[in-house]
1. Add -39500 (n - 2.57) for each DSSP H run of 4 or more in the chain, then divide by its residues: what number comes out at 222 nm, to the nearest 500 deg cm²/dmol?
2. Enumerate by residue number the GluC sites (Glu not before Pro) in the stretch 47-88 meeting two conditions: DSSP loop (anything except H, G, I, E, B), and at most 15 other Cβ atoms within 10 Å of the site's Cβ.
3. Rounded if a/c is under 1.5, else prolate if a/b beats b/c, else oblate: with a ≥ b ≥ c from the C-alpha gyration tensor eigenvalues square-rooted, which is the stretch 66-201?
4. Between LEU159 and GLU93, what FRET efficiency comes out of the Förster formula 1/(1 + (r/R0)^6) with R0 = 25 Å and r the beta carbon distance, rounded to 0.05?
5. Going highest first, how would you order 89-100, 18-29, 125-136 by mean Cβ packing within 10 Å?
6. Taking the Cα atoms of the chain, what is the range of coordinates along each of the three principal axes, in descending order and whole Å?
7. So what's the projected area for the stretch 1-154, the Cα convex hull averaged over all directions, in nm²?
8. Which of the three applies to the stretch 43-85, rounded, prolate or oblate, going by the alpha-carbon gyration tensor with a ≥ b ≥ c and a/c under 1.5 meaning rounded?
Amino acid sequence: MIGRTDLALEYTDERTHTVQREGNCTITRLIHEGESYITMEVPALSDTPDTDKLEELTAMELRKLLPAEGSVLVVGVGNRAVTPDALGPLMAEKIFPTRHIKGEWARVAGLSGLRSVSVISPGVLGCTGIESGEAARALAAALKPSAVIAVDALAAKSLKRLGCTVQLSTAGLSPGHGVGNKRPELNRASMGIPVISLGIPTVVEASLLAFELLGREVDEEIAPRGEPMVVTPREIDLVVERGARLLAMAVNRALNPSLSREEFRMLVAE
């Protein structure tokens with residue numbers, strides 16, 4: 001059965017996958033259409049209050065995909081008011097921005113030598129009248145970063161991947177693609193610089209879920225009012241909260257590894 005998914009792991013041939021184990025994390029690497037995808041299958045975030053080791057592992061994988069030098073713009077994509085879509089905005093609140101920390105202030109605060117980091121959560125078209133990609137491009141044109149890190153909630157084909165999968169990719173992202181509301185893409189082609197995407201799946205299409213549970217396709221598409229229905233776990237608020245903290249800390253640690261996890265926790269809102 002074919003259905004929408006944002007996870008490359010679910011729509012590519014398993015024979016192209018390279019799999020390794022790191023503790024309780026399974027890492028799958030693959031190249032698809034010239035872009036790198038790294039998928040980390042981890043214990044359910046709703047059952048994992050301490051994600052220190054996973055943050056470190058994600059930061060290490062992210063660092064490999066980023067340019068070695070230059071400023072970075074972090075973009076939290078999504079709708080803060082809709083819990084399954086709030087991953088990006090919540091993540092953005094926990095990023096430690098450093099672009100403004102310079103000169104004597106940086107020296108006195110003991111924060112000299114940090115990589116320049118800026119962060120934005122542009123909201124969604126229905127609330128702002130501005131596409132996420134438009135806002136990111138305009139800001140990148142002014143700031144001229146060496147790369148963009150874009151974080152968004154994803155859609156999966158399988159219930160078992162919700163809240164326990166992290167995907168990193170050099171392909172950027174297409175907001176809303178997984179739920180049939182595809183917006184302009186946020187990638188190297190549209191931005192003119194590398195765009196590294198991170199995401200955690202929070203929803204699955206109802207018809208795909210029915211297929212997984214019943215072992216057969218349902219007679220009719222589950223689409224009230226003509227729109228395909230998506231479902232999300234009951235504990236989605238906890239998944240999104242912990243997922244946002246995990247990704248934010250991984251981004252912080254990847255960009256400025258000279259600071260410890262404890263220092264970041266003091267510097268940003270928890």
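The values are calculated or read from the model by the stated rules, or taken from the named source; none is laboratory data. Everything numeric in this text was worked out from a predicted model, so none of it was measured. Virtual Cβ from ideal backbone geometry, glycine too; neighbours counted across all protein chains shown. Note: areas computed on protein heavy atoms with side chains; ligands, DNA, RNA excluded. Shrake-Rupley method; radii C 1.70, N 1.55, O 1.52, S 1.80 Å.
1. Here the helix-only value at 222 nm equals -9000 deg cm²/dmol.
2. Numbers: sites: GLU55, GLU56, GLU61, GLU69; in loops: GLU69.
Filter output for the stretch 47-88: GLU69.
3. On the way: a/c = 1.87, a/b = 1.67, b/c = 1.12.
Verdict is prolate for the stretch 66-201.
4. Numbers: r = 28 Å, r/R0 = 1.13.
Computed FRET efficiency for GLU93 and LEU159: 0.30.
5. Numbers: 89-100: 21.1, 18-29: 13.1, 125-136: 16.3.
Ranking the peptides 89-100, 18-29, 125-136 by packing returns 89-100, 125-136, 18-29.
6. So the three principal-axis extents are 68, 44, 35 Å.
7. Numbers: hull surface 49.1 nm².
Its average projected convex-hull area is 12.3 nm².
8. Working: a/c = 3.47, a/b = 1.21, b/c = 2.87.
Taking the square roots of the gyration eigenvalues as a ≥ b ≥ c, the stretch 43-85 is oblate.
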